[in-house]
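The values are calculated or read from the model by the stated rules, or taken from the named source; none is laboratory data. This is a predicted model, so every value here is computed, not measured. Cβ: placed from backbone, ideal geometry, glycine included. Neighbour counts: every protein chain shown. For accessibility, only protein heavy atoms count, side chains too; no ligands or nucleic acids. Shrake-Rupley method; radii C 1.70, N 1.55, O 1.52, S 1.80 Å.
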Amino acid sequence: MGFTQKPNPYDELVQQCMQIMRKDDRVSRMFQDYQMDTHVHIKSLDPLEIQFRIQNDRKQGVVEARYKQDKDSRILQKLSISDGTKTMTLFDRNPPTHPRKWFQLGFF
């Protein structure tokens, strides 16, 4: 009888986040030569919010992802990364609207 490790149910979600992060060059500008700590911290269950760490030799940060439960699957709603001084949104399914910008841009 061998010991088998249970698969982490959040591994797939972390992989999805990492795919988005690899495609976004802003991440590598914020954290050059970064490593991921794929140990997931669950911030809340409804809606599901997970966190995991990102770091390089100079600084650490946190990656946060929020999901909506849809029948049998989880749909990514928002993905952001923070280095302690600033937070950058990498993906947002429902971006906030800023009606004041219309006035600033001169569309009236």
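Annotations for the structure displayed:
- Of the residues making up segment 56-94, not one is touching a residue at least 12 places away in the same chain (Cβ under 8 Å), on the phi > 0 side of the Ramachandran plot and among the basic types (K, R).
- Inspection of segment 11-30 identifies at least one residue that is over 13 Å from the mean Cα position of the chain (by Cα), surrounded by 16 or more Cβ atoms within 10 Å (Cβ to Cβ), under 17 Å from T89 (Cα atoms) and modelled with pLDDT of 90 or more.
- Residue ID - modelled with the highest pLDDT, chosen from residues in segment 31-55 that are assigned to a loop (DSSP other than H, G, I, E, B) and open to solvent by 100 Å² or more (accessible area, probe 1.4 Å): D33
- Note on segment 5-30: residues that are assigned to a helix (DSSP H, G or I) and either touching a residue at least 24 places away in the same chain (Cβ under 8 Å) or not hydrophobic (A, V, I, L, M, F, W, C) (or both) amount to 18.
- In segment 56-108, the qualifying residues are those that are among the charged types (D, E, K, R) and open to solvent by less than 100 Å² (accessible area, probe 1.4 Å), and the one that is modelled with the lowest pLDDT is D70.
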